[in-house]
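**Student:** This is the structure, below, for whatever I ask next.
The values are calculated or read from the model by the stated rules, or taken from the named source; none is laboratory data. Remember, it's a predicted structure, so these values are computed and weren't measured experimentally. Glycine also receives a Cβ, built like all others from the backbone with ideal geometry; neighbour counts cover every protein chain displayed. Side chains included, ligands, DNA and RNA excluded: accessible areas come from the protein's heavy atoms. Shrake-Rupley method; radii C 1.70, N 1.55, O 1.52, S 1.80 Å.
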Amino acid sequence: QVHVVESGGGFVQPGGSLRLSCAVSGSIFSIYAMGWFRQAPGKQRELVASITSSNTIYSSDSVKGRFTISRDYDNNTMLLQMSSLKPEDTAVYYCKVVTPTEDYWGQGTQVTVSI
């Protein structure tokens, strides 16, 4: 069984920073890629950033220069360092794990950016 658990969300004022973490445990033979998605109320889930096993990184235009994705291979963890946060970054952030046979999602962590 595979477990994907996000943490690090919370409430922050505009211009602030947060660091999200995605921990993966269980029987996974190999991970092809991991990614962060977000879904704001009334909107579709969108890809924020992703990183492959060869460290190819993608960031959406809306977060480029503000968010940094990274992986800790020793601990099977993915991080998303978010800075210069804006109210429009408010959403539930989800971690997705892509393997050759199956994709796995976490339950999400809420990020709220407001005064």
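**Student:** Just wondering, is there one or more residues in region 88-99 that are under 20 Å from residue 23 (Cβ atoms), surrounded by fewer than 15 Cβ atoms within 10 Å (Cβ to Cβ) and modelled with pLDDT of 95 or more?
**Tutor:** No, region 88-99 contains no residue that is under 20 Å from residue 23 (Cβ atoms), surrounded by fewer than 15 Cβ atoms within 10 Å (Cβ to Cβ) and modelled with pLDDT of 95 or more.
**Student:** Right, something else. Can you tell me which residues in region 72-86 are more than 20 Å from residue 108 (Cβ to Cβ) and either free of Cβ contacts under 8 Å to residues at least 24 places away in the same chain or within 14 Å of the chain's Cα centre (by Cα) (or both)? Please lay out each step first, then the result.
**Tutor:** Kept after step one, since they are more than 20 Å from residue 108 (Cβ to Cβ), are these residues of region 72-86: 72-75, 83-84.
Listed by number, the residues that qualify are 72, 73, 74, 83.
**Student:** Also, I was wondering about something else. Which of (1) farther than 21 Å from residue 40 by Cβ; (2) touching a residue at least 40 places away in the same chain (Cβ under 8 Å) is the odd one out, the single condition residue 103 does not satisfy?
**Tutor:** Here residue 103 clears every test but (2).
**Student:** Oh, and also: Tell me, please, whether a residue that is surrounded by 15 or more Cβ atoms within 10 Å (Cβ to Cβ) and touching a residue at least 60 places away in the same chain (Cβ under 8 Å) can be found in region 51-71.
**Tutor:** No.
**Student:** So, in region 101-115, of the ones that are assigned to a strand (DSSP E or B) and more than 22 Å from residue 11 (Cβ to Cβ), which residue ends up most open to solvent (accessible area, probe 1.4 Å)?
**Tutor:** The qualifying residue most open to solvent (accessible area, probe 1.4 Å) is 105.
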